[in-house]
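Shown next, in structure tokens, is the structure this report addresses.
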Amino acid sequence: MKDINQFTITQAVKDSFKTEPGSRFESLLHGLVEHLHDFTREQNVTHEEWMGVLNFLYDCGKISTPERHEFILLSDVLGWSSLVDMINTKGGATEGSNLGPFYLDNAPVKQLGGNLADDRDGVTVLVHGKVSNTLHHPLPGATIDTWQADATGTYPIQEVEQDKYDLRGKFTCDENGRYYYTTVLPKPYTVPYDGPVGVLLRAGTRHAWRAPHMHFIVTAPGMAGITTEIFFKNTEYLDNDAVFGVRQSLIADLKPAKDIDKLGYTLDKKPDAVIEFDFVLAPEG
């Protein structure tokens, strides 16, 4: 150890961890150490730059709360979240997309046909479709967990006077794997810009706007769940979404609401428009 130098320190750090040989943990940890050390040597990182990064990460932790996860936001704007989604999308399944920093895992259970928008202004849309497996067989009892911004581009969780569980709901698909509910059409919005991630975006002369979207987590017994988003044709920022979440396969048509009685749904509120989107889940493993 006394002969350690900038070229031998990487192996010394790896050797200091008594990990199980060949384990996934060893592979991840050693890879992180190697890439971090290689980056530091390649860039000749200064003390000021090193401390700047550590202070930036400290600030991310300091501003984070149960309702706002700044590290997820950081992952999003760096494209890391999307890269992980792309790598982990299983063949034949609906493509994954960003979880985002505003997810809550205990959204209220809603009945099919319910309305998430309450009395909010905006375009009321029927969101419907089916959940099936990769063989196109419907998945009765699949769960749809959804959350979104409102018609002003704001999540209720961001407003102290709003119920943080507004515009959220969990639905159980019917015997045909169908889901359906009404909500308000969301507008574009900026990712939180008042913290360290905002500083990073401004330093890189990047905008913070997201294309309008709805979030979904879709699960069913025996199937690999997906976390994804639905976007809408002919809306802003589809080509330069701030968190790289848009996929061509996730862009849905927004159509006028007509002949919806033929669908056979019982709805709490009459919609102005319709979005149809089918989710596909792959088997676990």
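The values are calculated or read from the model by the stated rules, or taken from the named source; none is laboratory data. Treat the numbers as computed from the prediction; the structure is a model and nothing was measured. We place every Cβ from the backbone using ideal geometry, glycine too, and count neighbours over all the protein chains shown. Calculation scope for accessible area: heavy atoms of the full protein, side chains included, ligands and nucleic acids excluded. Shrake-Rupley method; radii C 1.70, N 1.55, O 1.52, S 1.80 Å.
Key figures
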item: Check on residue 92, more than 19 Å from the chain's Cα centre (by Cα), of a type outside the set (Val, Ile, Thr) and surrounded by 15 or more Cβ atoms within 10 Å (Cβ to Cβ); result: no
item: Any hit, region 100-122, residues being at pLDDT 95 or above, open to solvent by less than 20 Å² (accessible area, probe 1.4 Å) and outside any loop (DSSP other than H, G, I, E, B); result: no
item: Subset of region 37-69 (residues that are within 30 Å of the chain's Cα centre (by Cα), surrounded by 13 or more Cβ atoms within 10 Å (Cβ to Cβ) and of a type in the set (A, V, I, L, M)); result: 57, 63
item: Subset of region 230-285 that is exposed (fewer than 15 other Cβ atoms within 10 Å of the Cβ) and small (Gly, Ala, Ser) - its residue that is nearest to the chain's Cα centre (by Cα); result: 249
item: Hits in region 205-229 - residues which are in a strand (DSSP E or B) and either among the aliphatic types (A, V, I, L, M) or open to solvent by less than 30 Å² (accessible area, probe 1.4 Å) (or both); result: 210, 213, 214, 215, 216, 217, 218, 223, 224, 226, 228, 229
item: All positions within region 99-123 that are acidic (Asp, Glu) and more than 29 Å from residue 89 (Cβ to Cβ); result: 118, 119, 121
item: Residues that are touching a helix residue (DSSP H, G or I) at 6+ places or on another chain (Cβ under 8 Å) and among the charged types (D, E, K, R), drawn from region 144-167; result: 150, 163, 164, 166
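This table checks each residue for (1) at pLDDT below 95; (2) among the hydrophobic types (A, V, I, L, M, F, W, C).
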position: 142; (1), (2): no, yes
position: 155; (1), (2): yes, no
position: 160; (1), (2): yes, yes
position: 179; (1), (2): no, no
position: 189; (1), (2): yes, no
position: 199; (1), (2): no, yes
position: 210; (1), (2): no, no
position: 215; (1), (2): no, no
